[in-house]
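Student: Next up is a structure, given as structure tokens.
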Amino acid sequence: MKNTTSMNTNSFDYITEEIIVKWQEMADLLAELLSVPSALIMKTENEFMEVFVSSNSKNNPYNVGDKEKWYGLYCETVIKTQKELLVPNALADEKWKNNPDIKLGMISYLGVPINFPDNKPFGTICVLDNQENYFSSNHERLIQQFKRVIELDLVLIQSNKVLEKLNADKSIFLSILAHDIKSPLTSILGLSDLLAKDTHKYDNETIETFAKNIFDAASSTNNLLDDLLLWATSQYGKLSFKPQKIEFNTICAQTIKHLKSQAEKKEIDITIATPESIILWADENMLKTIFRNLVSNAIKFSNKGGKVRISAEKNPSDTQITVSDNGIGIEDDEQAKLFEISQSISNIGTMGEKGTGLGLKLCKELIEKHKGKVWVESKVGIGSNFKFTLPNEN
């Protein structure tokens with residue numbers, strides 16, 4: 001299963017020079033107050049522990065950038081147990097005989113885990129001594145206080161990065177919106193103007209065509225504004241969530257009816273491939289938006305005479321829903337970006353249909369609001385399967 005995740009802010013690259021200077025001062029102070037040769041902030045990446053900050057203290061054998069495979073290290077135990085570790089004398093404990101720190105003369109250790117805001121391991125903050133040291137309870141409290149400061153810094157870093165990403169999303173979206181909302185409005189204004197000025201020039205069939213085109217353009221604009229309102233409400237955390245029992249076939253039928261004009265233009269056949277009645281547990285308005293966007297996208301990227309299929313499968317803990325098409329498919333490198341706002345993937349449909357790139361981003365947020373997941377499986381020239389899960393009612 002291919003699942004697209006949101007922005008990863010668990011990156012050491014986001015830690016600014018200002019923060020590193022602050023942490024350096026903390027490490028220097030810690031080594032001084034505890035009278036030890038080494039105070040370290042360690043980071044973990046894959047199978048390695050790396051010195052991220054090292055105190056500027058006498059007889060400190062550790063340099064920034066030093067790394068070791070973490071097996072057998074004091075820090076490995078701290079990260080795995082997520083608990084404070086005190087080793088008064090590693091030479092007296094067979095467990096630590098292969099610890100590389102002993103080769104450096106560091107035989108005593110006190111360390112605590114540092115985690116990112118989502119509780120994934122960042123590394124440790126620790127002190128080491130070249131002689132037996134039981135460290136006092138005051139020492140333990142002090143290192144715990146420094147841990148809290150570092151983790152608070154990580155929270156602030158993440159908050160800033162999320163805010164930057166949100167602002168970037170808004171900027172991209174607004175630039176797309178300014179272009180894409182103009183197109184249907186231009187159609188509405190242009191056709192309305194023609195009808196108002198020269199009605200006598202047109203026969204009933206032409207007037208009917210004009211009216212239908214005006215309706216379609218107005219409907220497209222309305223859907224776009226609905227998505228915008230939902231998305232904006234979601235960003236400010238004010239989107240109400242009221243799950244209820246919803247029949248799968250009923251919401252499918254409503255979606256098909258809503259998109260009838262769009263499908264008829266391309267002679268797209270939309271089928272419900274789940275004959276039995278399946279009950280979904282979801283917020284009705286959110287679910288309508290999810291179905292509308294996924295099915296509309298399937299029509300948009302299908303060729304004339306194509307097929308769109310909506311199905312559902314009930315599992316013990318959730319229901320998996322699939323919207324399939326036999327359209328143009330999606331390149332592999334674009335699939336990972338589909339659920340983010342990106343002007344670069346706001347593609348034109350097979351008959352010139354335009355879109356903001358907001359629909360799939362909104363779908364992802366609404367599905368995750370239900371604690372579900374959404375992903376895509378696609379092959380160029382064959383078609384796409386957009387799949388998402390909704391947890392069953394408890």
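The values are calculated or read from the model by the stated rules, or taken from the named source; none is laboratory data. Keep in mind that what you see is a predicted model, and the values were worked out from it rather than measured. Here Cβ is always computed from backbone atoms with ideal geometry, including for glycine, and neighbour counts include all displayed protein chains.
Student: Hey, residue 258 hits all of (1) in contact with a helix residue (DSSP H, G or I) (Cβ under 9 Å, 6 or more places away or on another chain); (2) more than 17 Å from residue 319 (Cβ to Cβ); (3) at pLDDT 90 or above but one; which does it fall short on?
Tutor: Of everything listed in (1) in contact with a helix residue (DSSP H, G or I) (Cβ under 9 Å, 6 or more places away or on another chain); (2) more than 17 Å from residue 319 (Cβ to Cβ); (3) at pLDDT 90 or above, residue 258 misses just condition (3).
Student: Now for a separate question. Residues of region 122-169 being over 16 Å from residue 39 (Cβ atoms), at pLDDT 85 or above and either surrounded by 18 or more Cβ atoms within 10 Å (Cβ to Cβ) or in contact with a Lys or Arg (Cβ under 8 Å, 6 or more places away or on another chain) (or both), which ones?
Tutor: Within region 122-169, 122, 153, 154 meet the criteria.
Student: If we keep just the residues of region 1-55 that are among the hydroxyl-bearing types (Ser, Thr, Tyr) and modelled with pLDDT of 95 or more, which is farthest from residue 74 (Cα to Cα)?
Tutor: Top of the filtered list is 55.
Student: Sticking with this one: Being without any contact (Cβ under 8 Å) to a residue 60 or more places away in the chain, assigned to a helix (DSSP H, G or I), exposed (fewer than 15 other Cβ atoms within 10 Å of the Cβ) and out of contact with any Phe, Trp or Tyr (no Cβ under 9 Å at 6 or more places or on another chain), is that true of even one residue in region 66-77?
Tutor: No, because not a single residue in region 66-77 is without any contact (Cβ under 8 Å) to a residue 60 or more places away in the chain, assigned to a helix (DSSP H, G or I), exposed (fewer than 15 other Cβ atoms within 10 Å of the Cβ) and out of contact with any Phe, Trp or Tyr (no Cβ under 9 Å at 6 or more places or on another chain).
Residue-wise test of (1) more than 21 Å from the chain's Cα centre (by Cα); (2) among the basic types (Lys, Arg); (3) under 22 Å from residue 262 (Cβ atoms); (4) at pLDDT below 85.
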| position | (1), (2), (3), (4) |
| --- | --- |
| 291 | no, no, yes, no |
| 331 | no, no, no, no |
| 335 | no, no, no, yes |
| 352 | yes, no, yes, yes |
| 365 | no, no, no, no |
| 374 | no, no, yes, no |
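Student: Could you check region 38-56 and list, in sequence order, the residues that are surrounded by fewer than 19 Cβ atoms within 10 Å (Cβ to Cβ) and more than 30 Å from the chain's Cα centre (by Cα)?
Tutor: Within region 38-56, 56 is the sole residue that qualifies.
Student: Need at least 2 residues that are surrounded by 22 or more Cβ atoms within 10 Å (Cβ to Cβ) per element, so show me which helices (runs of 4 or more DSSP H) inside region 248-335 make the cut, counting only ones lying wholly within it.
Tutor: Once the helices (runs of 4 or more DSSP H) in region 248-335 are filtered for at least 2 residues that are surrounded by 22 or more Cβ atoms within 10 Å (Cβ to Cβ), what remains is 248-258, 284-300.
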